[in-house]
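Let me begin by presenting the structure, written as structure tokens, before commenting on it.
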Amino acid sequence: MLRDITLGQYYQTESVIHRLDPRVKLLGTILFFISLFCFSNPAGYAIALLFLAAVIITTHVPFSYMIKGMKTIVVLIIITVVINLFMTQGDVVVEFWKFKITKQGIVMAVQIFFRIAMLIVGSSIMTLTTTPNHLTDGMERGLRFLKVIKVPVHEIAMMMSIALRFIPILLEETDKIMKAQLARGADLESGNIFKRIKAMVPILVPLFISSFRRANDLASAMEARCYRGGEGRTKMKPLKYTSRDAVAYLVLFAYMVVSISVGRLDALKIM
Amino acid sequence: MMDIIRTKDVVYEYIRRDDEGAVTGITTAVDHVSLGIKQGDFIAILGHNGSGKSTLAKHFNAILTPEEGTVWVDGMDTLEEKNVWNVRQTAGMVFQNPDNQIIAPVVEEDVGFGPENMGVPTEEIWKRVEESLKAVGMYEFRKHSPNNLSGGQKQRVSIAGVLAMKPKCIVLDEPTAMLDPQGRREVLKAVHELNKLEGVTVILITHYMEEVTDADKVFVMDSGKVVMQGTPKQIFTLVDELKELRLDVPQPTLLAWELKKRGIPLPDGILTGEELVQAIKDLK
């Protein structure tokens, strides 16, 4: 069950998207997110969907693999969609007992569904096609200007890349601990929400202890290999823009212009 | 030849404290250890759990510094602040748990981590990564994620990571303790090749007797002290003493020893099955 989470997991293929500079992908993801919140008509979402589909196809990452990571967030999407469906005021379409579904509510719910789904797929494309090290390299370089105001950019980037590296290891460990506790008769499935949260304690305590131990080991291993912060460090894979990245920026720019200008046309609004 | 690592009267204590910080107990993990390790040798340090062998190993690359006495690595005193990074570059260290020492999510990036920290130029890093991965036979896995490798493969990646720093000496702190027999064989083979082909000094910390039979010199530790030292042959003649230290001897050695006790005139210091077979054949 826990292994299904794909968020923050790299998937190796030799696609163009994989070889893009991480700064392009970072900025691209951010711009894509912004565009999603600019649309006021369905045409904008359609363009975004097409764009996303095109990107997904170019990555060569199986779509089913991408979707696996979304299963865990389905609940969140459903809750948000349902709340929007019932809570939006406006022209009533269906009414039963205390609930009213309005036209505006339906539109809002559909819109929210597409926004969240595309946000998640969009961000997982970035993490699936960029090695975490590359990603943090991109952040380190892209956010270097923040060093001026004493933001420890390198340290944050290093922490993130280590966190990402240890996600699968800790998931595996959680699985192991869960099985060990189940084997001793721990009941994780039944009871109300509070009971179940309480049942998680014997899983979280050993998990915390072991992650501190791991952190300690890792710190020694890093020190043993002469790690002493970002100063004086060279890069095995320094970031260099190529013509490919320029093309990607152009595509991105074209997408932003087209999607936002079409997505905000009042003529295409459905309400 | 000059000693690559030399220690003199090294003492290290673990101090246990209660919640208020008052001392409740002191464990002397390393107790006045003096030894010398020659450049190019394959050294094994043996001892059961808690004998202080890992603590001693951590002194060899300045992860720990002695409370009393001195450790010199390639002539550099580890207590001096300015030497720390040179010491760590000279004596690389491989730890027990392969998962907790691989920093990067791709094999080649992890091997490049050490040289990156040292400020090696980019092209040189690539050259070193390639050489190191080839030296441990992991070159074809360079683009893989460490999570999909077996324990033995992960440990070989860790060794490559240290090798890329071009150390004169590699300290391996129970590198096979968490591996299956197959992984253990892989790692030991890689380590032996490094020692023979590249001339890197190897210090192998272990409690598996079979792993030390090919060593040039063996140190046996017990409660923080070096209690025996010599060639594997010399050490394994002392079966009674080893048993007293709760250490197992390799099975062929044990069999030869038992046979000898029953009056069969076998020579001392039999380490491998082949030697035992030969010795028995020679009896006639």
Seminar exercise, completed: Most exposed first, judged by fewest Cβ atoms within 10 angstrom, A:Val16, B:Val249 run A:Val16, B:Val249
Exercise. What angle do you read, to the nearest 10 degrees and between 0 and 90, between the alpha-carbon axis of helix B:151-163 and the longest principal axis of chain B?
Worked result: 60 degrees
Exercise. Between B:Gly21, B:Gly40, B:Val11, whose Cα lies farthest towards the positive end of the dipole of the range B:1-46 when Lys and Arg beta carbons carry +1 and Asp and Glu beta carbons carry -1, centred on the Cα centre?
Worked result: B:Gly40
Exercise. What list of ³J(HN,Hα) values in whole Hz, one per residue of the range A:87-98 in order, does the Karplus curve 6.51 cos²θ - 1.76 cosθ + 1.60 (θ = phi - 60°) give from phi, with Gly and Pro shown as x?
Worked result: 9, 7, 7, x, 6, 6, 9, 10, 9, 8, 6, 8
For this session: Please give the FRET efficiency for A:Ile34 paired with A:Phe99, using the beta carbon to beta carbon distance and R0 = 56 Å, rounded to the nearest 0.05.
Result: 0.95
Problem set entry | Shielding by partners, peptide A:228-239 (average Cβ within 10 angstrom, other chains) | 5
For this session: Note the angle between two axes, namely the Cα long axis of helix B:251-261 and the longest principal axis of the Cα atoms of chain B, as a number of degrees from 0 to 90, rounded to the nearest 10.
Result: 20 degrees
For this session: Return B:Arg128, B:Arg246, A:Arg264 ranked ascending by Cβ neighbour count within 10 Å, so the fewest neighbours appear first.
Result: B:Arg246, A:Arg264, B:Arg128
Exercise. By average Cβ neighbour count within 10 Å, what is the ranking of B:103-111, B:258-266, A:138-146 from highest down?
Worked result: B:103-111, A:138-146, B:258-266
Problem set entry | Surrounding net charge for A:Leu252, when Lys and Arg each add one and Asp and Glu each subtract one, Cβ distance under 11 Å | 0
Exercise. Which of the lysines could a cross-linker span from A:Lys269 if the Cα-Cα distance has to be under 28 Å and same-chain partners fewer than 8 positions apart are dropped?
Worked result: A:Lys100, A:Lys103
For this session: Express the relative contact order of chain B as a whole percentage, based on alpha carbon pairs under 8 Å and six or more residues apart in sequence.
Result: 21 percent
Problem set entry | Size of the range A:152-238 as Cα extents on the principal axes (Å, biggest first) | 55, 23, 19
Exercise. Using the Cβ atoms and a cut-off under 15 Å, what net charge is assigned to the surroundings of B:Pro181, where Lys and Arg are +1 and Asp and Glu are -1?
Worked result: -1
For this session: Output ³J(HN,Hα) for the range A:17-27: one whole-Hz value per residue in order, computed from phi by the Karplus curve 6.51 cos²θ - 1.76 cosθ + 1.60 with θ = phi - 60°, and x for Gly and Pro.
Result: 4, 4, 8, 5, 5, x, 5, 5, 5, 4, 5
Problem set entry | Ranked by how many other beta carbons lie within 10 Å on average, peptides A:237-243, B:71-77, A:222-228 from highest | A:222-228, B:71-77, A:237-243
For this session: Let me know the Kirkwood hydrodynamic radius for chain A, please, with Cα pairs as the basis and the value in Å to one decimal.
Result: 22.0 Å
Seminar exercise, completed: Taking r as the C-beta separation of A:Arg184 and B:Glu274 and R0 as 45 Å, the FRET efficiency to the nearest 0.05 is 0.45
Exercise. At B:Glu140 and B:Asp18, where each label point lies 7 Å from the Cα along Cα→Cβ, what is the point-to-point distance in nanometres?
Worked result: 6.1 nm
Problem set entry | Net +/- balance of residues flanking A:Leu218 in space, Cβ distance below 13 Å, scoring K and R +1, D and E -1 | 0
Seminar exercise, completed: With a 18 Å threshold on alpha-carbon distance, the violating pairs from A:Lys235/B:Lys168; B:Lys217/B:Lys281; B:Lys168/B:Lys196; A:Lys237/B:Lys166; B:Lys134/B:Lys196 are A:Lys235/B:Lys168; B:Lys217/B:Lys281; A:Lys237/B:Lys166
For this session: Starting from the Cα gyration tensor of chain B, take the square roots of the eigenvalues, sort them a ≥ b ≥ c, and report rounded, prolate or oblate (rounded when a/c is under 1.5, otherwise prolate if a/b is larger than b/c, else oblate).
Result: oblate
Problem set entry | Average other protein chain Cβ within 10 Å of Cβ, residues A:213-220 | 4
Exercise. Projected area of the protein assembly as shown, taken from the Cα convex hull and averaged over every viewing direction, in nm²?
Worked result: 35.6 nm²
For this session: Could you grab the relative contact order for chain A? Cα pairs under 8 Å, six or more apart, rounded to a whole percent.
Result: 34 percent
Problem set entry | Rounded to the nearest 20 debye, dipole of the range A:152-238 from Cβ charges on Lys, Arg, Asp, Glu | 80 debye
Exercise. For A:Lys195 and B:Asn49, FRET efficiency with R0 = 35 Å and r from the beta-carbon atoms, rounded to 0.05?
Worked result: 0.30
Problem set entry | Spin-label model distance (nm) - B:Arg262 vs A:Asp217, 7 Å beyond Cα toward Cβ | 4.3 nm
Seminar exercise, completed: Along the range B:5-22, Karplus-curve 3J(HN,Hα) (6.51, -1.76, 1.60; θ = phi - 60°) to the nearest Hz, with x for Gly and Pro, reads 10, 9, 10, 9, 6, 6, 10, 9, 10, 9, 10, 8, 10, 8, 4, 8, x, 7
Problem set entry | Cα centre as origin, Lys/Arg/Asp/Glu Cβ charges: the protein assembly as shown dipole, Debye | 2020 debye
For this session: Express in whole angstrom the spacing between the alpha-carbon centres of the range B:216-284 and the range B:48-111.
Result: 31 Å
Exercise. If you place +1 on the Cβ of every Lys and Arg, -1 on the Cβ of every Asp and Glu, and leave all else neutral, what size is the dipole of chain B about its Cα centre, to the nearest 20 Debye?
Worked result: 740 debye
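Every number in this text was worked out from the coordinates using simple rules, so none of it is lab data. For clarity, every value in this text was computed on a predicted model and none was experimentally measured. Neighbour counts run over all protein chains shown; Cβ positions are idealised from the backbone, glycine included.
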